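The values are calculated or read from the model by the stated rules, or taken from the named source; none is laboratory data. Quick caveat: nothing in here was measured; it's all calculated off a predicted structure. Methodologically, a virtual Cβ is constructed for each residue, glycine included, from the backbone with ideal geometry; neighbour enumeration extends over all protein chains shown.
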Amino acid sequence: MAQPWLSFYPQGIPRSLAYPAGPLYAFLQGAAARCPDRPAIIYYRDEALGNPQFLSYRALDEASDRLAAALLAMGVQPGERVAYFLPNSPELVVTYYGVLKAGAVVVPCNPMYRERELAGQLADAGARVLVTAEELWPVAQVAVDGVPGLQTILVGGPARPGVLSWDELLAQHSPLRQRPAIRPGEDLASLMYTGGTTGPSKGAMLTHANLVANTVQFRTWYGCREAQEVFIAALPLSHIGGIMGAMNVPVAAAATLVLFRRFHPRTVLAAIQQHRATRFPGVPTMYLGILAQEGAASYDLSSLGPSRTGAAPLPVSVKRRFDELVGHEVLIEAYGLTETSSVTHANPLQRAKAGSIGVPLPDTEARIVDPDGGARELPPGEVGELVLRGVQVMRGYWRRPEETAKTLRDGWLYTGDLASMDHEGYFYIVDRKKDVINAAGFKVWPREVEEVLYRHPAVQMAAVIGVPDAYRGETVKAVLVLKGDMRHLPHDGLKRELEAFCRAELAAYKVPRIIEFREALPVSGAGKVLRRALREEASLESSD
């Protein structure tokens, strides 16, 4: 089928790009060679903007070389897995590139994990070394005890028997000069574990070539200028979206990362103004947090340029309100998966369509196929499963050949996302296949209902799920967080108002029959609302 986006592909961006043939860490080496004294990281540990920690590109490159030398001295072999269980910090960035320079495979672990989750991921990856922080040691210690042969490096805190000190290791080793050879198209750079929002977490095998290509695609599309950008790095650097959008892409452009241990809306607002930040990659929950912050309009955010938002659908009303807050268009919705090194689609700058994930990036193909067997390509306007292929697509799932065979078929990656394409070639995510609600035989897409709810002035966050119903099979339930000034309103009256609001916009079978108000919604470390957790709660309640 013809690809209609070819007729208006963004000016100056070819359909195919040239990619460096070297390893992923060459981006850091290049930035350090070109701009050795430029701040690579300005780090804020807490909500206050006082006493930031600065790290130049020269210092970052040297520290990661020292860590690489230490790992090789510990006996780490090329291809072995080294994990980190760290909050956002300069040490995390040093670890990421140091592991790559040692020829090892980096395994990011979510710092929100509990003991069982961490131990399971370390064991599944066959990790040889874990780098963790003093504040996470109580969790890490229990997990490490359950993984035989695992060595641990501890950042901060007193020395412990059998645990290596980060500071001592870096002080004892000179920067590595002779690095193991890397075959970019064959050697793994990272085992990135999927978020587990729709099922058990799996390790996506991403090569150096995958990540190099997506870094170039990402940087080219968003027009990141050499040594001129200042990125707000508040996304978790344990997730592919943060690793690419808030670390690898800025490093490739010799940008400055204004790095936060965790996201605080008021602190980010102040940092954008103080540092004249030019990019704010994030997720919808972050932008909602900014919009909900009292006094947000008093900050000067005009320095912000086009910024990628992903991980979850961006409600149209959120994009409009945030762009209005800044004073010009900032949020450019994109789409990608852990399995695709991050980004496969993005809206063209200056031609973004609200509600769309945009068009495929260079060297990326996409099509919509029938959701049952996936053998038949569907025409524009019809809803089916989105399938992809491109230079950024993973090699497969780590030690899961059956899962790999289900997901990668004849060179195409089957995403599990229901989508459509319009006649101009813009793609629209409808929902996850597993999230579709079957109400008395009618299909309900949760995102469509959520978009309507977000337009109501009382709603701050919304999640729509299907819950068991003896008569209909499933019924539509909305779980909502209200805006601060709306939380005092009588809930019974507000529920009736919301139901009437939805009935004016939706077919009767799509209108939520159950509405629940909460103080917060369950959210993953990557900022995705966990519909699966809400469904599990509802299932347990129905079985009581």
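Hey, can you tell me all the residues within segment 296-311 that are closer than 23 Å to GLY336 by Cβ and either surrounded by fewer than 19 Cβ atoms within 10 Å (Cβ to Cβ) or touching a Leu at 6+ places or on another chain (Cβ under 8 Å) (or both)?
Residues of segment 296-311 that are closer than 23 Å to GLY336 by Cβ, as a first pass: 304-311.
Scanning segment 296-311 gives PRO306, SER307, THR309.
Among the small types (Gly, Ala, Ser) and modelled with pLDDT of 80 or more: does that describe ALA462? Step through it out loud before you land on a result.
Details: among the small types (Gly, Ala, Ser): yes; modelled with pLDDT of 80 or more: yes.
It is true that ALA462 is among the small types (Gly, Ala, Ser) and modelled with pLDDT of 80 or more.
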Give segment 31-63 a look and list any residue that's part of a helix (DSSP H, G or I) and within 25 Å of the chain's Cα centre (by Cα), or say none.
-> ALA31, TYR57, LEU60, ASP61
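Scan segment 237-251 and give yes if some residue there is part of a strand (DSSP E or B) and among the β-branched types (Val, Ile, Thr), otherwise no.
Residues of segment 237-251 part of a strand (DSSP E or B): none.
Taking every residue of segment 237-251 in turn, none turns out to be part of a strand (DSSP E or B) and among the β-branched types (Val, Ile, Thr).
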Candidates ALA271, ALA277, ALA246, ALA252, filtered to the one that is farther than 18 Å from SER303 by Cβ and either crowded, with 24+ Cβ neighbours inside 10 Å or assigned by TED's automatic domain parsing to the domain that holds LEU86 (or both) = ALA252
Among residues of segment 465-493 being of a type in the set (D, E, K, R) and under 20 Å from GLU519 (Cβ atoms), the residue modelled with the highest pLDDT is LYS477
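Yes or no: ARG455 within 32 Å of the chain's Cα centre (by Cα) and crowded, with 18+ Cβ neighbours inside 10 Å? Break it down into steps so the answer makes sense when it comes.
On the way: within 32 Å of the chain's Cα centre (by Cα): yes; crowded, with 18+ Cβ neighbours inside 10 Å: no.
Criteria not met by ARG455.
Which one of GLY79, GLY120, GLY98 is over 23 Å from HIS208 (Cβ atoms) and either touching a residue at least 40 places away in the same chain (Cβ under 8 Å) or touching a helix residue (DSSP H, G or I) at 6+ places or on another chain (Cβ under 9 Å) (or both)?
Values: GLY79 fails: over 23 Å from HIS208 (Cβ atoms); GLY98 fails: over 23 Å from HIS208 (Cβ atoms).
Result of the check over GLY79, GLY120, GLY98: GLY120.
THR215: in contact with a helix residue (DSSP H, G or I) (Cβ under 6 Å, 6 or more places away or on another chain) and part of a helix (DSSP H, G or I), yes or no? Lay out the reasoning, then the answer.
Numbers: in contact with a helix residue (DSSP H, G or I) (Cβ under 6 Å, 6 or more places away or on another chain): yes; part of a helix (DSSP H, G or I): yes.
In short, yes.
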Being free of Cβ contacts under 8 Å to residues at least 24 places away in the same chain and under 34 Å from the mean Cα position of the chain (by Cα) is the filter; apply it to segment 493-502 and report the residue that is surrounded by the most Cβ atoms within 10 Å (Cβ to Cβ).
-> LYS495
Is there a residue being at pLDDT 95 or above, in the same structural domain as ALA133 (by TED's automatic domain parsing) and part of a loop (DSSP other than H, G, I, E, B) anywhere in segment 334-343?
-> yes
Report whether or not ALA189 is closer than 16 Å to VAL76 by Cα, part of a loop (DSSP other than H, G, I, E, B) and either small (Gly, Ala, Ser) or touching a Phe, Trp or Tyr at 6+ places or on another chain (Cβ under 6 Å) (or both).
-> no
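Step by step: first the residues of segment 360-377, then only those that are in a loop (DSSP other than H, G, I, E, B) and touching a residue at least 24 places away in the same chain (Cβ under 8 Å), then the one that is surrounded by the most Cβ atoms within 10 Å (Cβ to Cβ). Which residue is that? Spell out how you get there, then give the answer.
Start the filter on segment 360-377 by keeping residues that are in a loop (DSSP other than H, G, I, E, B), which leaves 361-363, 370-376.
Still in the list and also touching a residue at least 24 places away in the same chain (Cβ under 8 Å): 361-363, 371, 374.
Details: LEU361: 28, PRO362: 19, ASP363: 18, PRO371: 18, GLY374: 15.
Going through the qualifying residues, I end up with LEU361.
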Inside segment 405-418, the number of residues satisfying the requirement of being in contact (Cβ under 8 Å) with a residue 60 or more places away in the chain and either farther than 16 Å from ARG532 by Cβ or among the basic types (Lys, Arg) (or both) is 3
So TYR113 clears everything in (1) in contact with a Gly (Cβ under 9 Å, 6 or more places away or on another chain); (2) at pLDDT 95 or above except one condition, right? Which one?
-> (2)
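I'm trying to understand the selection: among the residues of segment 520-530, which are in contact with a Leu (Cβ under 9 Å, 6 or more places away or on another chain), at pLDDT 70 or above and not hydroxyl-bearing (Ser, Thr, Tyr)? Please lay out each step first, then the result.
Here is the first cut: in segment 520-530, the ones in contact with a Leu (Cβ under 9 Å, 6 or more places away or on another chain) are 521-524, 526-527, 529-530.
Narrowing the set further to residues that are at pLDDT 70 or above leaves 521-524, 527, 529-530.
Across segment 520-530, the qualifying residues are LEU521, PRO522, VAL523, GLY527, VAL529, LEU530.
Against the definition (acidic (Asp, Glu) and either in contact with a strand residue (DSSP E or B) (Cβ under 8 Å, 6 or more places away or on another chain) or in a helix (DSSP H, G or I) (or both)), how does ASP323 come out, yes or no?
Values: acidic (Asp, Glu): yes; either in contact with a strand residue (DSSP E or B) (Cβ under 8 Å, 6 or more places away or on another chain) or in a helix (DSSP H, G or I) (or both): yes.
Answer is yes for this residue.
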